[in-house]
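Participant: Dumping the structure here so I can ask a few things about it.
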Amino acid sequence: QVQLVESGGGLVQPGGSLRLSCVASGFTFSNYLMSWYRQSPGKERELVASSAGDRTDYADSVKGRFTISRDNAKNTLYLQMNSLKPEDTAVYFCNTVYVGRLYWGQGSQVTVSS
């Protein structure tokens, strides 16, 4: 059974940093594309960053500020978020596709506000 469990959200001031974690289970983590998405109130869920093998990709809005990484030995995906802006406020979800089915974590709230 695939499970994705996130942690690490919270309230941070503009310019601050947070690191999100996503612990995966139920599949061979190292073999699969893993992604972070976010959703703000009234907006569609958007792709933030993805990781597969040695390749990483980022949305233009977070390039240079966010870093996606993974520890395959710990089955854990990370999102290091620096220089946070109020517009980064959202619920952040980790995601994978396994055997043709989409899986999501429970979501982690990130609020950037002074």
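Participant: Sorting check: for 33-41, 83-91, which peptide has the highest mean count of neighbouring beta carbons within 10 Å, and how do the rest follow?
Facilitator: Working: 33-41: 18.0, 83-91: 16.4.
Order by mean packing, descending: 33-41, 83-91.
Participant: Residues in the range 67-90, backbone N under 18 Å from the label point at SER61 (7 Å along the Cα-to-beta-carbon vector): list them, ranges by number please.
Facilitator: 67-68, 79-90
Participant: Report the full-extension gain for the segment VAL99 to TYR32: residue separation times 0.36 nm, less the Cα-Cα distance, to one decimal in nm. Write out the running numbers ahead of the final one.
Facilitator: Working: separation 67, 0.36 × 67 = 24.12 nm, distance 1.04 nm.
Contour length minus Cα-Cα distance gives 23.1 nm.
Participant: At 7 Å along the Cα-to-beta-carbon direction for both THR111 and ASP71, put a label point, then send me their distance in nm to one decimal.
Facilitator: 2.9
Participant: Compute from the Cα atoms of the chain the Rg and the Dmax, the latter being the longest Cα-Cα distance, and quote both in angstrom.
Facilitator: For the chain, the Cα radius of gyration and maximum Cα-Cα distance read 13.4, 43 Å.
Participant: Would you mind telling me the share, in percent, of accessible area of the chain contributed by carbon and sulfur at probe 1.4 angstrom? Each step should come with its number before you reach the end.
Facilitator: Working: 2840 of 6180 Å².
Looking at the chain in its full context, I get 46 percent from C and S.
Participant: Moving on. For the residue pair VAL2 and GLU46, what label-to-label distance in nm results when each label sits 7 Å from Cα along the Cα-to-beta-carbon direction?
Facilitator: Roughly 2.5 nm, to one decimal.
The values are calculated or read from the model by the stated rules, or taken from the named source; none is laboratory data. Computed from a predicted structure; not experimentally measured. Please note: Cβ atoms are built from the backbone with ideal geometry, for glycine as well, and neighbour counts cover all protein chains shown. Side chains are part of the model used for accessible areas, which takes the heavy atoms of the whole protein and leaves out ligands, DNA and RNA. Shrake-Rupley method; radii C 1.70, N 1.55, O 1.52, S 1.80 Å.
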